[in-house]
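Undergrad: Below are the structure tokens for one structure; questions will follow.
The values are calculated or read from the model by the stated rules, or taken from the named source; none is laboratory data. In this text, all values refer to a predicted model and were calculated from it rather than measured experimentally. Here the Cβ is made from the backbone with ideal geometry for all residues, glycine too, and neighbour counts use every protein chain on show.
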Amino acid sequence: MRIDINQILQAVGDTQSVNFEETLPADFDEDMHVLEPVKVSVTLANSGLGIMVSGQVQAQAELICGVCLRPFETSLSIDFEERFVPSTAALDEGLDYTYHDYEIDLAEMLRDVLILSLPIAPKCDINCSVKTNDQEITIDPRLQILARLKDGG
């Protein structure tokens with residue numbers, strides 16, 4: 001996921017657009033398994049203060065439902081905009097990415113964008129609920145006082 005930026009570094013305001021597909025490594029993230037190559041569309045622009053990278057990433061992923069704990073597939077479409085500065089420049093409190101030798105590597109940024117877009121507790125369906133059988137549920141003795149509050153007394 002490396003892009004040569006030598007042309008747009010020549011003048012402030014120069015832009016470059018790139019579209020590509022990339023297969024992510026198997027150990028990409030423990031909470032998400034990407035099922036097929038991600039599609040990335042980016043526009044790079046020389047802002048004078050760095051290279052602004054904006055675009056969209058689309059991925060088909062398998063997540064684990066936070067309610068029923070079953071895996072489910074979902075489509076992700078995430079818009080992003082990040083700034084890359086030369087590796088010799090001072091970073092803005094860790095908020096910027098760096099580029100080296102007239103080349104931007106989007107791998108770390110795309111990983112961050114995908115992981116940060118994940119919901120805290122993904123649900124396989126809006127109506128997902130855990131089905132319980134008719135057996136009596138054992139409550140942790142330390143939490144029985146809360147069960148009594150729930151029952152109103």
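Let's see how each residue does on (1) out of contact with any Leu (no Cβ under 9 Å at 6 or more places or on another chain); (2) of a type in the set (A, V, I, L, M, F, W, C); (3) in contact (Cβ under 8 Å) with a residue 40 or more places away in the chain; (4) at positive phi:
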site	(1), (2), (3), (4)
Ile3	no, yes, yes, no
Gly13	yes, no, no, yes
Val18	no, yes, no, no
Leu44	yes, yes, yes, no
Ser47	yes, no, no, no
Cys65	yes, yes, yes, no
Ser87	yes, no, no, no
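Undergrad: Tell me which residues, restricted to region 21-54, are assigned to a strand (DSSP E or B), closer than 30 Å to Lys123 by Cα and either at pLDDT 90 or above or not charged (D, E, K, R) (or both).
TA: Let us first name the residues in region 21-54 that are assigned to a strand (DSSP E or B), namely 21-22, 29, 32-34, 38-46, 51-54.
Narrowing further to those that are closer than 30 Å to Lys123 by Cα: 21-22, 29, 32-34, 38-42, 54.
Matches in region 21-54: Glu21, Met32, His33, Val34, Val38, Lys39, Val40, Ser41, Val42, Ser54.
Undergrad: On the basis of being of a type in the set (Asp, Glu), touching a Phe, Trp or Tyr at 6+ places or on another chain (Cβ under 9 Å) and under 20 Å from Pro122 (Cβ atoms), does Glu62 make the cut?
TA: Details: of a type in the set (Asp, Glu): yes; touching a Phe, Trp or Tyr at 6+ places or on another chain (Cβ under 9 Å): yes; under 20 Å from Pro122 (Cβ atoms): yes.
Spelling it out, Glu62 is indeed of a type in the set (Asp, Glu), touching a Phe, Trp or Tyr at 6+ places or on another chain (Cβ under 9 Å) and under 20 Å from Pro122 (Cβ atoms).
Undergrad: Checking the condition more than 16 Å from Ile3 (Cα to Cα), part of a loop (DSSP other than H, G, I, E, B) and at pLDDT 85 or above, which residue from Leu63, Leu118 passes? First the steps, then the outcome.
TA: Working: Leu63 fails: part of a loop (DSSP other than H, G, I, E, B).
Result: Leu118 is the single residue among Leu63, Leu118 that is more than 16 Å from Ile3 (Cα to Cα), part of a loop (DSSP other than H, G, I, E, B) and at pLDDT 85 or above.
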